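The values are calculated or read from the model by the stated rules, or taken from the named source; none is laboratory data. Computed from a prediction, not measured in an experiment: that's the story for all the values here. FYI the Cβ positions are ideal-geometry reconstructions off the backbone, even for glycines, and counts take in every protein chain you see. With ligands, DNA and RNA removed, areas are computed over all heavy atoms of the protein, side chains included. Shrake-Rupley method; radii C 1.70, N 1.55, O 1.52, S 1.80 Å.
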Amino acid sequence: MVDINPAEFTIGLVGTGAMGRGIAQIAVAAGFPVRLFDTRDGAVAEAADFIGKMLARAAEKGSITADAAKDATARLTPVAELGDMAPCDMIVEAIVENLDAKRALFKSLESLVAPDTILASNTSSLSVTAIAAGCKRPQRVAGWHFFNPVPLLKLVETVDGVLTDPKVCDVLDAVARRCGHTPVRAKDTPGFLVNHAGRAFGTEALRIVLEGIAEPPTVDRILRDLAGFRMGPFELLDLTGLDVSGPVMRSIYDQYFQEPRYRPTPLLEQRIAANLLGRKTGRGFYGYADGKQAVLPEPPAPSARPKSVWLSKAEPRGHDVASKLLTALGASLEGGATPSSDALCIVTPFGQDTTTSALEQKLDPARTVALETLFDPSRRRVLMTTPVTLPAVRDAAHGLLGQDGVAVSVIQDSPGFVAQRVVCMIVNLACDIAQQRVATPKDIDLAVPMGLNYPMGPLAWGDKLGAATVCLTLERLFAFYGDPRYRPSPWLKRRALLGVSLLTEAS
């Protein structure tokens, strides 16, 4: 592991926006001398003043001492000319996200700096290999992608282009650690690691809404309460802005040559055209008054109850979860191999819709509903009907499942409900990232919770749900839709067959 003495390693920062300021702040706080440059008049002075104030505020809060803040501020040197970057051991660009602009900058820097000076790009969406292609020494160019706000989000992606010298990435990792950040390695692929891994969450949720399975607030509630996400996908889209998220979805899809896993839906384009961009316009998937999201009440559980309940044993794991829940709710469970003529029939499928489950098990679809059991039902229950489930049957099931005060979401028929579809797609995408050697399994599970605020690493999540169960769910989705977006990753299939952890690397 490379060790860096900050006092003897000067960092240059080109670009004084939020990212540039944040990187400069953590670097001087870690003991590195930093030179700061920007082409806009007054930008460097503004950034230096901002960084000084942020360090002073940290001292006021007790995060650092007053002397440490003063020393860190003194290590920041504003410069007026790009040529003043010549003594730097490493230069980080955080300028406009434009390939030609970044290439031109690095070409200019190459004529000024030493042959072994590292050139790092904070790009979030451009190819590091393409940026380096304009340089005489592409081997010294790498990606160093931070997340905003830099001082708070302690993750950085170190990205090697096709020609990047591995030693360059070793140095960048060492500098990141000195700055108190956690580096993860990623290959130069669209979205790198974190933005790549995040493609399934919103894209699959949009597809569920497009199919009329559930409305955005219902999808958000299910994924928060059942799967444990801090925000639902539609809350997140409104927060980031549809005009920001939409182009990113299209870009990733196109950069992967229309790979079906990343296919967007028309929903975002329609809302962008209507200027329903989210919080910034006061209306997106939700309405906003004075910046506060409108809270949409859920309908109360009906008073109706079923006379008796017949619970399918086709999925033993689902049957066990449902049996314990229904017994606790005081349901009258039938014990026969087939249901009585007036029983409520409950199935517990993985990756299958209620209709298919009912017909395969020779149940009456008009009296059959499905219950989500892959996720803990203690905070929310999800009830799924067939297109012909009788309203009285649906209401009786809803009333029973909600009689202890736990919320119940009633959705239309869908292979994999809501949470199964979204989470299994997240796991599958992480498996593909591992299969393509974009990042190691360890770094995938380290980066995703830190960068995306997911409840846990996606590979460990797949292990928790069961690799075989995730694989089965995806295979059934693939069989139902015939859409290759749902095909299981080879990484997932092999480890499910072998019965080993999804974190298992090839020997």
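Here are the numbers for this structure:
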read-out	value
Surface accessible to a 1.4 Å probe, per residue, for the residues of segment 217-301, Å²	51 Å²
Glu110 accessible area, assembled protein chains, probe 1.4 Å, Å²	30 Å²
Calculated FRET value between Arg40 and Arg137, using beta carbons and R₀ = 25 Å, to 0.05	0.30
Radius of gyration and maximum dimension Dmax of segment 68-193, Cα, Å	14.2, 41
Rg and Dmax of segment 312-377, Cα atoms only, in Å	11.2, 30
Theoretical FRET efficiency, 1/(1+(r/R0)^6), r = Cβ-Cβ of Ala366 and Leu296, R0 30 Å, to 0.05	0.50
Accessible area (Å², per residue) of segment 114-210, counting only protein heavy atoms and a probe of 1.4 Å	33 Å²
Qualifying trypsin sites (Lys or Arg not before Pro) in segment 414-507, DSSP loop, other Cβ atoms within 10 Å at most 15	Arg437
Helix 18-29 axis, angle to the chain major axis (alpha carbon atoms, nearest 10°)	70 degrees
Bins of 10 Å from zero: percent of alpha-carbon pairs in segment 273-431	10, 36, 29, 16, 8, 1
Helix axis angle, 99-110 relative to the chain longest principal axis, alpha carbon, degrees	30 degrees
Three-way shape call for segment 125-280 based on the alpha-carbon gyration tensor, with the a/c threshold at 1.5	prolate
Thr504 paired with Met1, simple spin-label distance in nm, labels 7 Å along Cα-to-beta-carbon	2.9 nm
Volume of the Cα convex hull of the chain, divided per residue and given in Å³	166 Å³
Cα-centre dipole for the chain with unit charges at Cβ (Lys and Arg positive, Asp and Glu negative), debye to 20	580 debye
Cβ-Cβ FRET estimate between Leu152 and Leu210, R0 fixed at 51 Å, reported to 0.05	0.90
Gain in span if fully extended, Ala289 to Ser251, counting 0.36 nm per residue against the direct Cα distance	10.5 nm
C-alpha long axis of helix 166-178 to longest principal axis of the chain, angle in °	80 degrees
Set Lys53/Lys292; Lys154/Lys442; Lys187/Lys442; Lys154/Lys292; Lys313/Lys493; Lys70/Lys154 screened for pairs whose C-alpha atoms are more than 19 Å apart	Lys53/Lys292; Lys154/Lys292; Lys313/Lys493; Lys70/Lys154
Sites matching trypsin sites (Lys or Arg not before Pro) across segment 4-44 that sit in DSSP coil, with at most 13 neighbouring C-beta atoms within 10 Å	Arg40
Span from the segment 34-109 Cα centroid across to the segment 180-196 one, whole angstrom	23 Å
